[in-house]
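The next block holds one structure in the form of structure tokens; read it before the comments.
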Amino acid sequence: MPGRVALVTGASSGMGRAAAAELCRRGARVMAVARREPLLAQLAEETGASYVACSLETRDGCEQAVEAARSRLGPIEIIVNNAALGTAEDGSVLDLEWDAWRRIMNLDLDVPFLLTKLAAADMKRVGWGRIIMVSSTAGQVGGPGMAAYCTAKHGLLGLMRATAADLASHGITCNAVLPGWVRTEMAE
């Protein structure tokens, strides 16, 4: 892992911050991505990570994050798709508003697809890559009041399986982690 270029989303706090810090500790060159610049600057000071503060909720934001990693660090070889909206905006199938559904589905499923697609082009050229999807135990079971979150996290597992099958012959792996409740800012 020393010298490998990693892009970590949702890196300003919680599990994303921990992943970025651990990758730095192991010698990777990390591009930390999140919206909260002061927290990213603190992470950079503590770990040596590079960072870009942007919203990944648009295609332009995703392309900005990938281009920042490429231009400052080189081809992306590792991506940790961690950014997500939790269940605070979610609800039951009966109560959930369309806009909240779309926002959760976008950040929790559409964005990992787009970032993986963009980063995989680098990985294919390099002949090596590691793609990590941060799903959830909610990606295996349903739960009340979590219609969009559960659906997106289930979808992320399907995306992981399809991506692994599509890219295996190029020296690229794709795996998912499915944490339960972790005491993070999002969980609180």
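Taking the criterion of being closer than 25 Å to R102 by Cβ and in contact (Cβ under 8 Å) with a residue 24 or more places away in the chain, the residues of the range 33-79 that qualify are V33, A34, R36, L56, E57, R59, C62, E63, A65, V66, I79. Residues in the range 45-67 that are of a type outside the set (S, T, N, Q), in a helix (DSSP H, G or I) and open to solvent by 10 Å² or more (accessible area, probe 1.4 Å): E45, E46, R59, D60, E63, E67.
Every listed requirement among (1) more than 21 Å from G155 (Cβ to Cβ); (2) open to solvent by less than 10 Å² (accessible area, probe 1.4 Å); (3) in contact with a Ser or Thr (Cβ under 6 Å, 6 or more places away or on another chain) is met by R36 save one, (2). Of all positions in the range 166-184, none carries a residue that is of a type in the set (F, W, Y) and surrounded by 18 or more Cβ atoms within 10 Å (Cβ to Cβ). Applying a threshold of 8 Å to beta carbon distances and a minimum spacing of six or more residues, or different chains, the list of pairs starting in the range 94-105 at a residue that is within 13 Å of M146 (Cβ to Cβ) and ending at one that is surrounded by 11 or more Cβ atoms within 10 Å (Cβ to Cβ) and acidic (D, E) reads L96/D90; A100/E89; A100/D90; I104/E89; I104/D90. Selection over the range 127-168 of residues that are touching an Asp or Glu at 6+ places or on another chain (Cβ under 6 Å) and assigned to a helix (DSSP H, G or I) gives a count of 3.
The values are calculated or read from the model by the stated rules, or taken from the named source; none is laboratory data. Because the structure is a prediction, the values reported are computed rather than measured. Here the Cβ is made from the backbone with ideal geometry for all residues, glycine too, and neighbour counts use every protein chain on show. Just so you know, the surface numbers come from the protein's heavy atoms only, side chains and all, with ligands and any DNA or RNA stripped out. Shrake-Rupley method; radii C 1.70, N 1.55, O 1.52, S 1.80 Å.
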